[in-house]
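These notes concern the structure reproduced below.
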Amino acid sequence: MENLIDSRLRNWEGARAFLEVVRRGSFRSAAQSLHRSVNTLRREIEDLEREVGLTLFTRHVDGVRLTAEGETLLGAVKRMETASLDIARARSRNASMRGEVRLSVTEGLGTFWLAPRLVEFQRNHPELLIDIRCAMHPADVLRLESDIAVQITRPTVKDLRLVKIGRLHAMPFASRGYLEKNGTPTNFLELSKHRLVLQVADQLMAMEEYARLFPDTPQLGTVSFRVNVSSAYYWLIARGGGVGVLPTYAHALGGRVVPIDVEGVRFVNDIWLTYHPDAAKIERVRRLIDWLIEAFSPRKYPWFGDEFIHPRDLPRMSGGLSLQSMFEGFEGLEMEDVPSTAK
């Protein structure tokens, strides 16, 4: 049966659509992932069913389910996908420092830490196109959604290379204006009387941590904002929206926020770099991998080390340099672009 299906199966686009429906569990979700309409996706599946002479799905209220014949086809389609990915990697391996590299990174690290530094990296390799995907949902590196991923949840896929490149320490922060108006909390009881800002997204445990720190306390009346992206989250805190949790280097983003010492409210996430083993054979990808490891080096940037360092001690740990100087020193950045509190 499997050999017969393999011999019939010629339509990779239809097979890819079938595989996405299986993985997503519904036509609607798969259509969104593939950037197609639901009707287009249904026609592709119907064409595939005619091609192989099998009924692949049964429809249910909660989505779709594979038939027994669909289960058999699934093995053949996965073999097609593996072959397709092998061909794509072989083509990339023959390229040099000219071409495209796709980097997936969590939105906060991508926006505030890597993007300013990647400008200089690309300037040194002008024939590179660096495609940066800043999102809290981890990319599927194995299926070539990205060449390299930097994330704060440990990947579990066995066929990928995995490197711990740093540790992200976080603690409460607020704007100076907010603290001058509302006072500075020093313990849980005082913190519970303040307005809080939460970031709710994949790879974060904000809702669980809120429930742990403030059991039986409704968010309504305590939480002033919930937001999904790090950039908006930072600015809500910086503009006085409430107390939120930020990386210990956050003060370097312009001095708009200050750290708050509340006993027991510190958070740690390891930073993971992951890529397919074949990616290391591609010169441009290998070069970016090496650069990323250096970009999170605790030797140069001690706040990415395993041990917590309070923001007030970071300049001393950085050889006397202020954190702001590490952000102001990029070529082409005008001092007038730096907030006045950071000058």
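Taken together, the values in this text are just the output of simple stated rules run on the coordinates, not laboratory data. Since we're looking at a predicted model, the values are computed, not measured. Because the Cβ atoms are built from the backbone with ideal geometry, glycine has one as well, and the counts that use them run over all protein chains shown.
Please list, in chain and number order, the residues 5+ apart from residue 166 or on another chain whose amide H is under 5 Å from its amide H, with Hs placed from the backbone.
Amide H neighbours of residue 166, under 5 Å, 5+ apart: 271.
If I model a spin label as a point 7 Å beyond the Cα along the Cα-Cβ vector, how far apart are those points for residue 280 and residue 297 in nm?
Calculated label separation equals 1.9 nm.
By how many nm would the segment from residue 120 to residue 308 grow when fully extended, if each residue of separation counts as 0.36 nm and the alpha-carbon distance is taken off?
64.8 nm
Pull up the cross-link candidates among the lysines for residue 281, meaning alpha carbon to alpha carbon under 28 Å and not fewer than 8 places away within one chain.
List returned: 78, 158, 164, 300.
Given the peptides 208-216, 187-195, arrange them by the average over their residues of other C-beta atoms within 10 Å, most packed first. Intermediate results must be reported in sequence, preceding the final value.
Numbers: 208-216: 11.8, 187-195: 14.1.
Top of the packing list down: 187-195, 208-216.
Sequence-distant or interchain residues sharing an amide H contact under 5 Å with residue 133, placed H: which?
Correct list: 103, 104, 105.
Grab the Cα-Cα distance for residue 290 and residue 71, subtract it from 0.36 nm times how many residues apart they are, and report the gain in nm with one decimal.
Numbers: separation 219, 0.36 × 219 = 78.84 nm, distance 4.12 nm.
The span from residue 290 to residue 71 would gain 74.7 nm if fully extended.
Residues of the stretch 244-273 with backbone nitrogen within less than 20 Å of a virtual label 7 Å along the Cα-to-Cβ line of residue 217, please, listed as ranges.
244-247, 258-268
Given a Förster distance of 25 Å, report the FRET efficiency between residue 37 and residue 228 from their Cβ-Cβ distance, rounded to the nearest 0.05. It would help to have the intermediate numbers written out before the result.
Numbers: r = 26 Å, r/R0 = 1.03.
Rounded to the nearest 0.05, the efficiency is 0.45.
Can you tell me which of 109-115, 299-305, 179-185 comes out highest on packing, and rank the rest after it, using the mean Cβ neighbours within 10 Å?
Values: 109-115: 19.9, 299-305: 17.1, 179-185: 14.4.
Ranking the peptides 109-115, 299-305, 179-185 by packing returns 109-115, 299-305, 179-185.
Take each of the peptides 236-242, 64-70, 217-223, average the number of other beta-carbon atoms within 10 Å over its residues, and list them starting from the highest. Walk me through the numbers before you get to the answer.
On the way: 236-242: 19.9, 64-70: 15.3, 217-223: 12.0.
By packing density, highest mean first, the sequence is 236-242, 64-70, 217-223.
May I ask you to evaluate 6.51 cos²θ - 1.76 cosθ + 1.60, the Karplus curve with θ = phi - 60°, for each residue of the stretch 40-48 and list the ³J(HN,Hα) values in order in whole Hz, giving x for glycine and proline?
Those phi angles translate into 4, 5, 4, 5, 5, 5, 4, 4, 5 Hz.
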